[in-house]
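Worksheet for the structure shown next.
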Amino acid sequence: MTNSPTADEILRDVEFEILHGALGQDDLGQALQTARRFHTRSRHELLSTETRGRDRDLAARQFQMDDMLLALLQEMADRLRRLQIELYRTSGLIPTAGAGDRSGESEGLAVTSPPPLAEPDPGAPSGSAQRAIELEKLDVEAHIRPVRLPLVGGLLTRLRATLHTLPVFYVRQLAEQQIEVNRALGESLAQVNHLLAEQQAQIEALGRQVQALHAGSDPAPAPGPE
Amino acid sequence: MIMAEPSVSLIINTTDRAGPLATLLRALEHQSYPHFELIVVVGPTQDNTLEVLSAYQGRVRVLHCPEANLSRSRNIGLLAARGEIVAYIDDDAVPCRRWLEQMVRLFRDPGLAATGGAVHLIHPTYPLLQHRIGIVSSLAEQVDVRDSWLEHLVPPGEGNTWLTRMMGTNMAFRRETLLQAGGFDEFYVFIGEETDLALCLANAGEIIHPVLEAPVYHVPAASRNRMPFSHRGRWWLNTRSDIYFCLKNGPAAGDSMATITRRCLHLVHGHWLWYRDLYRAREIELGEFVRYCAHDIRGAASGLWGGLFRRRQRLAPSRARSAPRTGQPIVPFLDEASPRQAAVDPVSGQRASISLVEPPLRICLTSTFYPPQSYDGVGRLTHLMARGLFELGHTVHVVTHGDRDQVTFYDGAYVHELATRLDRYHRYRQTPNLYHALNRCHGIFEKVQRLILNDGVQLLDSPLWLFEGLVTAVSGILPVAVRLVTPMKEIAAILGDRDDDTRLQGEMEKALIERADHLLPNSRATLDMVRRLYGLEPAADRYTIVPYGIVPVPEDEVQPFEPEREGQGLTVLFVGRLEKRKGIIPLLEAIPRVLDRVPGTRFVLAGKDNSRHDGFWRRTGSDYAGYFAHHHPRHASRVEFTGSVDDEALQVLYRSCDLFVAPSLYESFGLVYLEAMNYAKPVVGCQAGGVPEVIEQGTTGLLVEPGRADALAEAIVSLLQSPARLRDMGLAGRSRVVEQFSYLQMARRFESAYRCMIRRFETGAPGEDPMVGKT
């Protein structure tokens, strides 16, 4: 901050944070934050260890995919935010919680806390999320090259197989954690999709209402606070 | 499909808890959702539960359960319920005002089978959030508090399946679904029945969706199964329930028998280790330790037997079919008198014994500091306001600062502590006070939103100090009243602060005043100062002058000066932070002059030394006590610097002094003078701020020019040398406190202003408060 801020600038920031909070403090925002935290922690735990070669490549590639998914989610969340702002603008509501109902009744505050019914239960993922989870059966099998030496070949092959079970065990754990990350992302994606569809439906309904009002001979005032 | 206003059957299961039940019944009068019937299922009770219920004859359906079995009691209530939704609450909990309303809102989704909200444990010393969006595994492992759906999605545990659960003290079901599921498994005598049911419903494909909203406040009461806030209880029932739970639900979820067996052994062993720790910590006796361990084996055996060889004890389909059909009319619990019932203390069950003409208000106050943890002048005033408003029948919520987010109930108010979160306004990090204050304002705004959703608060009252109500005022979500106290700009001028941080805080104060719906200055002087400093001219209908009040002490604690003590060493008391604004420098200069003329006098200076913050240390290299000792070694033994003192010690100091002095350069009001006058002590203050509105010159004390050490010394000496004036002024001050400055009178003035501003906010019409624009 090079120049000293003015009171008006601070108040504009306050208004922005109210708007931002109205969108970021709902369950979707919290879910996204949780997914990010879990993702970051898992990356740190897995890639900071002395994992080598193929295991590390596998994990790193998966994390790249997660980054892309998170970016996609962020983009969708931004789009949702823009749609909500558009909705406020169309309907003449100020973008604060309870603006449409100054006594703070539930209808107005539904802006900050979208009806939770729209969210899928964590125990019952939506269809698309379920399919996404099913497609991500990450697993690693041990590929043991048999030793063809006479007499001791079989013994050495069994020894090699035994030695391979340890990394496979840990990689499977890694894969299980990764699947959970993906599950979380899938859930968030489903939530975003659902909310997006709701918002679009609302905008279309309001658009139709506005058109109807324009077409009418006795135009009524736009809905808004007293 | 649920209709527009579905009926609810609220079921309370109780045994031997008449006191908490009476509290709950009183609290339920305040529910915002009117379409509910109340069913109380009474177990084999030994106390006056039925007597308590008789007061609600015609409004409550009373049923009986022949044994102390919670699941069976719940099922009896379920079979009698007529509502489309069945809600359960424990008899030792109190719901928020909009509890049922929030639950019913969720059930508008036809796919929802069950829901539950948060549970706050109201503990005298360690309140905590007991439950929110909890999950449970197929092996009875639980994560009860989560911030969001995805937190702890992969919790550490052995169970294969993790599903949503609710807590028994705050849950609701669609009645038809619950009947189809067979109700609660009656093997669970005391605990685990709701979790088992949640798992069964989820496994049957039903949707359970707990919410962040709709909390209840849980005040654990004693029962035959446990002693509250102690480690004594029939814990073997937990072991019994958990093992049964694992054996019934584990195999269905695909847990191997080896895992289930290991989990069962861990349950018993874990309890043994806990008992051992309790014994080592001397919290239970050796006999209890042995008995607890033996009982755990008994519980494990019972759970094992039930889990392996007994069928589930649910309602038979024929009994479920005998339940009333949906759509039958209910007898609502609320009646025409309910809206005017006074607020209830959820811990003691007490409420104001006054008849309210209008419905009580739901008020949210803010104060950075609040008793009993820590408090300053604003905290003390807020506490008195909360207490007075509660005694007038209103529900009061106080939002304050704390180490972590928690809720408790203290002296008439729900106290919501908020931990500081610096997660916004990073642009202002270089002005740290502003940065902290803005983040705190935003935290308060978010809390207010929750309080609207859950408790239906109608207004926010914020002190000007730290502009705590700014974000809420900007949002326009609620009417905001601002208690005007000494403005930051004035303090900055006295302390010589001219940095950006202080300037911007002053600007934010001005913004808050401009956006407030109503101003509540504590004195005419404060209002004039705000006008002068900020160039604002509030309209006459936008402010009410409300002088502060205190709790008058009982007459037997009042100690006016006794003339026979003339000639003995008298005590002069100062209370306040040792800093420039409080006039500590002229006082330290006046003390030697007084001691030279009245040698036996003793001075007591109580308050935190603030020399490092008001520039004194920088100039002199010492604190105030050190400075006085160095410059006046001859008088040092006659002056005691106590530092900060707690409230109890402070009252002793007030009671034991003979004269009170506080020569503040500016006070918006001066609560300390009232506190001294409360004990019939004469006071000396300055002609500054609101002090002349508190001290009647020559009647209850003396006023001197601010900053004049000689005049201050003269005033003190004149009183010390006149025992008759000491007594008369003290008694006159006491009368003034009782007649004009009691906390109840203050609360009535606040109430009047609040009602006026709420009316104006809701209707846009001008207020009709006769106090508006006046003192």
For residue B:611, enumerate residues with amide H under 5 Å from its amide H, sequence gap 5+ or separate chain, H modeled in the peptide plane. B:624
For the pairs B:489/B:608; B:582/B:681; B:447/B:580; B:580/B:681; B:510/B:681, note any where the Cα-Cα span goes beyond 28 Å. B:447/B:580; B:510/B:681
HN-Hα J in Hz across region B:503-514 - Karplus 6.51, -1.76, 1.60, θ = phi - 60°, x for Gly and Pro: 4, 5, 4, x, 5, 5, 4, 4, 4, 5, 4, 5
Amide H contacts under 5 Å for residue B:41, restricted to residues at least 5 apart in sequence or on another chain and with H modeled in the peptide plane, are B:12, B:13, B:14, B:63
Can you show me the helix-derived [θ] at 222 nm for chain B, built from DSSP H runs with n ≥ 4 at -39,500 (n - 2.57) apiece and divided by the number of residues, rounded to the nearest 500. -12500 deg cm²/dmol
Could you derive backbone 3J(HN,Hα) for region B:698-712 from the dihedral phi with the Karplus parameters 6.51, -1.76 and 1.60 (θ = phi - 60°), listing whole Hz in sequence and x where the residue is Gly or Pro? x, 10, 10, x, 10, 10, 10, 5, x, x, 9, 5, 5, 5, 5
Out of all DSSP beta bridges in region B:8-226, what portion is antiparallel? Express it as a percent rounded to 5. 45
Taking the 0 to 90 degree range and rounding to the nearest ten, how far is the long axis of helix B:524-534 tilted relative to the main principal axis of chain B, both from C-alpha atoms? 90
With only Lys, Arg, Asp and Glu charged, each at its Cβ (+1 for the first two, -1 for the last two), find how big the charge dipole of chain B is about the Cα centre; round to the nearest 20 debye. 1300
Dipole-positive endmost among B:121, B:131, B:87 within region B:78-170 (Cβ charges, Cα centre): B:87
How long are the semi-axes of the equivalent ellipsoid of region B:555-741, taking √(5λ) for every eigenvalue λ of the Cα gyration tensor, in whole Å from largest down? 25, 18, 15
In whole Hz and in residue order, list the ³J(HN,Hα) couplings for region B:43-58 that follow from phi through the Karplus curve 6.51 cos²θ - 1.76 cosθ + 1.60, θ = phi - 60°; x for Gly and Pro. x, x, 7, 10, 9, 8, 4, 5, 5, 4, 6, 5, 5, 10, 4, x
Apply the a/c threshold of 1.5 to the C-alpha gyration tensor of chain B and tell me whether it is rounded, prolate or oblate. prolate
Under 5 Å between amide H atoms, partner at least 5 residues away or on a different chain: which partners does residue B:742 have, H built in plane at 1.01 Å? B:550
Fraction of antiparallel bridges per DSSP, chain B only, in percent to nearest 5: 30
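None of the figures in this text is laboratory data; all of them are computed from the coordinates on show. This is a predicted model, so every value here is computed, not measured. Cβ coordinates were reconstructed from backbone atoms using ideal geometry, including for glycine residues, and neighbour counts include every protein chain displayed.
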